[in-house]
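Data first, discussion second: the structure below is written as structure tokens.
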Amino acid sequence: MFDPDAPYAVVDRRLPHWAQAGTVCFITWRTYDSIPTVVLNQWHTDRHQWLRAHGIDPQADDWRRQFRALDRSIRAEFTRRFSECWHRYLDDGHGACILRNPEIAKIVDDSLRHFDGDRYELTDFIIMPNHVHLLATFADEEGMLEQCDSWKHYYTARQINLRLASKGRFWQQDGFDHLVRSVEHFELFRRYIANNPSKASLKPGRIRSLFQIVVALSPT
């Protein structure tokens, strides 16, 4: 679990990414077309308004540093409000939902399992029609982002485009990730992964093992 007294890394891309060696991380990535532009723009507008209301200029170069200086309960409110909203958008099933195709979903499935136990330790994961959730630990702070890039851009996007005879971006560049801070936090994310299909009104998918679930099927 996350230890605030141990070394950790915060890497800023379009979104901030936290990583700590050996800490379980809940990671979400989505297909490029999974959230409509108008919805995404409104989400950014609401987030900017929230930041300004808490004395932070979202256009400032150091806004993330200012955000990290806020009280923990206020930061938790931000995460609940905007992360939960983001995941609801994903469950609405926008875009082509290509991962609903079992052959395409298997490309992602195989990629996630390929280096399990070597580059990372994978516990739970789920492949939804337009996004992926997983829980995993990495050996060092750089490993998480490097492995996500490997999963998405260096393997699955290429293989999926080849299978579909298409070109262009398949995954959105950045995903969401959260460091797990307690056993209760871990169990919360595990339940979220297990219950995601029913929340999104999908039929049950293939259960590959006791803790690893794959779903990419049509709505009920």
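The values are calculated or read from the model by the stated rules, or taken from the named source; none is laboratory data. Quick caveat, the model's predicted, so the values are computed rather than measured. Cβ placement follows ideal geometry from the backbone for every residue including glycine, while neighbour counts extend to all protein chains displayed. The accessibility values were calculated without ligands, DNA or RNA, using every heavy atom of the protein model including side chains. Shrake-Rupley method; radii C 1.70, N 1.55, O 1.52, S 1.80 Å.
Couple of notes before you dig in:
- Among the residues of region 117-135, those identified as in contact (Cβ under 8 Å) with a residue 24 or more places away in the chain and open to solvent by 20 Å² or more (accessible area, probe 1.4 Å) are ARG119, THR123.
- Within region 70-103, the set of residues being of a type in the set (Ser, Thr, Tyr), open to solvent by 40 Å² or more (accessible area, probe 1.4 Å) and within 19 Å of the chain's Cα centre (by Cα) comprises THR79, TYR89.
- Test: LEU162 is part of a helix (DSSP H, G or I), modelled with pLDDT of 90 or more and more than 27 Å from ASP92 (Cβ to Cβ): yes
- Within region 21-34, restricting attention to residues that are hydrophobic (A, V, I, L, M, F, W, C) and open to solvent by 10 Å² or more (accessible area, probe 1.4 Å), the residue that is farthest from GLU84 (Cα to Cα) is ALA21.
- Among the residues listed as ASP62, ASP12, ASP33, ASP3, the single one being at pLDDT below 90, of a type in the set (Asp, Glu), under 16 Å from the mean Cα position of the chain (by Cα) and at negative phi: ASP12
- Residues that are surrounded by fewer than 21 Cβ atoms within 10 Å (Cβ to Cβ) and out of contact with any Gly (no Cβ under 6 Å at 6 or more places or on another chain) were ranked within region 136-147; the one that is modelled with the lowest pLDDT is GLU141.
- Given (1) at pLDDT below 75; (2) open to solvent by less than 70 Å² (accessible area, probe 1.4 Å), number of the condition SER150 does not satisfy: (1)
- Test for HIS114: is it of a type outside the set (Phe, Trp, Tyr), open to solvent by 20 Å² or more (accessible area, probe 1.4 Å) and free of Cβ contacts under 8 Å to residues at least 12 places away in the same chain: yes
- Residue tally, condition charged (D, E, K, R) and either open to solvent by less than 60 Å² (accessible area, probe 1.4 Å) or touching a residue at least 12 places away in the same chain (Cβ under 8 Å) (or both), over region 38-67: 4
- Region 37-58, subset under 24 Å from the mean Cα position of the chain (by Cα) and more than 25 Å from GLY95 (Cα to Cα), residue modelled with the lowest pLDDT: PRO58
- Within region 51-90, the set of residues being touching a Pro at 6+ places or on another chain (Cβ under 9 Å) and either of a type in the set (A, V, I, L, M, F, W, C) or under 18 Å from LEU179 (Cα atoms) (or both) comprises LEU51, ARG64, PHE67, ARG68.
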